[in-house]
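The values are calculated or read from the model by the stated rules, or taken from the named source; none is laboratory data. Since this is a predicted model, take the numbers as computed values, not measurements. Cβ atoms come from the backbone with ideal geometry, glycine included; neighbour counts cover every protein chain shown.
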Amino acid sequence: MGGSAGIPGAAEGGVVPSQSPYQRLSHRMLDVSGDRGVLKDVLREGSGGLVTPDASVLVKYSGYLEHMDKPFDSNCFRKTPRLMKLGEDITLWGMELGLLSMRKGELARFLFKPTYAYGTLGCPPLIPPNTTVLFEIELLDFLDSAESDKFCALSAEQQDQFPLQKVLKVAATEREFGNYLFRQNRFCDAKVRYKRALLLLHRRSAALEEQHLVEAAKLLVLLNLSFTYLKLERPTMALRYGEQALIIDEKNAKALFRCGQACLRMTEYQKARDFLVRAQKEQPFNHDINNELKKLASYYRDYVDKEREMCHRMFAPGDNDSTEGD
């Protein structure tokens, strides 16, 4: 999605001098809206089904004005993926229609006529009135949140009427949403999604032969929550969720590592060492675990040196001490 996208097709054969670059490009584009207000050119095919109307989409996009060789908006997230919910976070009707025509992994170019873009007013000072704009959109992934939102709105008694697979599916969707938010450094929002998933799994009672499915789903969420609380600089909570993960799998290297990280930040060096050594035993060549042990050793040396210096100052005789009268 480079800057040359602003005038694609300008040098193609059979150019009519009176036509603009966008008019020439439009001749070979697919009509998405039915009135040629939204036109589409697929640059890379996607896979799977089309985006659903209530989905949240993870996209990268750039917007261009005709005859411009760079994006018109510095906030176009050309390199940073953005998670948006259809019907709520997207202001351009053309983009909404365009996304509904896309599949996961697809890269496409769209022309939006003014009615489907910024209208008769434009968006001063960057976009003049009645302007056709070109967008390049890459759909990295999408999740249908409608099913999850409806299920979470039910009471616990109503949720219990559904089969276990339904609960596991909704919990997995919530966790995936949390993962998207986490990757955008929206840790508080990610935490909310993870906790929704965990609540669903805690509520659900399962037959003995299905309990391992619930425990496996819980483990993933607990690990994510532990990591999220580390990012939020709340090591006590990170340790709590890490220890809950260890109840499910006492040898889980990731859970042991998270607990060790939390204890290190709490300056509980002996507990940190115990967790990290156990993690290293499970994964001896894990680079992150070994580096954390080195960090622990360095921090502990500094701690001992400071303790020694403090004790020395406490018990050393003062320069102005006098023994007269003793």
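On the basis of being assigned to a loop (DSSP other than H, G, I, E, B), out of contact with any Ser or Thr (no Cβ under 8 Å at 6 or more places or on another chain) and more than 19 Å from residue 171 (Cβ to Cβ), does residue 233 make the cut? Reasoning before the result, please.
Details: assigned to a loop (DSSP other than H, G, I, E, B): yes; out of contact with any Ser or Thr (no Cβ under 8 Å at 6 or more places or on another chain): yes; more than 19 Å from residue 171 (Cβ to Cβ): yes.
Here the answer is yes, as residue 233 does meet what is asked.
Looking across the range 30-45 at every residue that is in a strand (DSSP E or B) and touching a Gly at 6+ places or on another chain (Cβ under 7 Å), the one that is farthest from residue 96 (Cα to Cα) is identified as 40.
If you check 268, 309, 250 for being at pLDDT 95 or above and of a type in the set (Asp, Glu), only one passes: 250. Of all residues in the range 68-101, those satisfying the criterion of being modelled with pLDDT of 85 or more and either touching a Phe, Trp or Tyr at 6+ places or on another chain (Cβ under 6 Å) or part of a helix (DSSP H, G or I) (or both) are 93, 94, 95, 96, 97, 98, 99, 100. Contact map, the range 166-187: residues that are over 16 Å from residue 59 (Cβ atoms) and hydrophobic (A, V, I, L, M, F, W, C) paired with residues that are surrounded by fewer than 16 Cβ atoms within 10 Å (Cβ to Cβ) and at pLDDT below 90, Cβ distance under 8 Å, separation 6+ or inter-chain. Pairs shown: 170/147.
Scanning the range 47-64 for residues that are closer than 8 Å to residue 144 by Cα and of a type in the set (Gly, Ala, Ser) yields 55, 56.
If a residue must be under 22 Å from the mean Cα position of the chain (by Cα) and polar (S, T, N, Q), how many such residues does the range 201-234 contain? Explain how you work it out, then say what you get.
Step one: list which residues in the range 201-234 are under 22 Å from the mean Cα position of the chain (by Cα), which gives 201, 216-234.
With polar (S, T, N, Q) added as a condition, the list becomes 224, 226, 228.
Final tally of qualifying residues: 3.
Of the residues 135, 151, 142, the single one that is in a helix (DSSP H, G or I) and closer than 27 Å to residue 58 by Cβ is 151.
Answer yes or no as to whether residue 162 is free of Cβ contacts under 8 Å to residues at least 12 places away in the same chain and either of a type in the set (A, V, I, L, M) or outside the structural domain of residue 51 (by TED's automatic domain parsing) (or both).
Details: free of Cβ contacts under 8 Å to residues at least 12 places away in the same chain: yes; either of a type in the set (A, V, I, L, M) or outside the structural domain of residue 51 (by TED's automatic domain parsing) (or both): yes.
So residue 162 fits the description; yes.
Suppose the filter is surrounded by fewer than 20 Cβ atoms within 10 Å (Cβ to Cβ), small (Gly, Ala, Ser) and closer than 27 Å to residue 277 by Cα; does residue 238 pass it? For residue 238, the condition - surrounded by fewer than 20 Cβ atoms within 10 Å (Cβ to Cβ), small (Gly, Ala, Ser) and closer than 27 Å to residue 277 by Cα - is not met.
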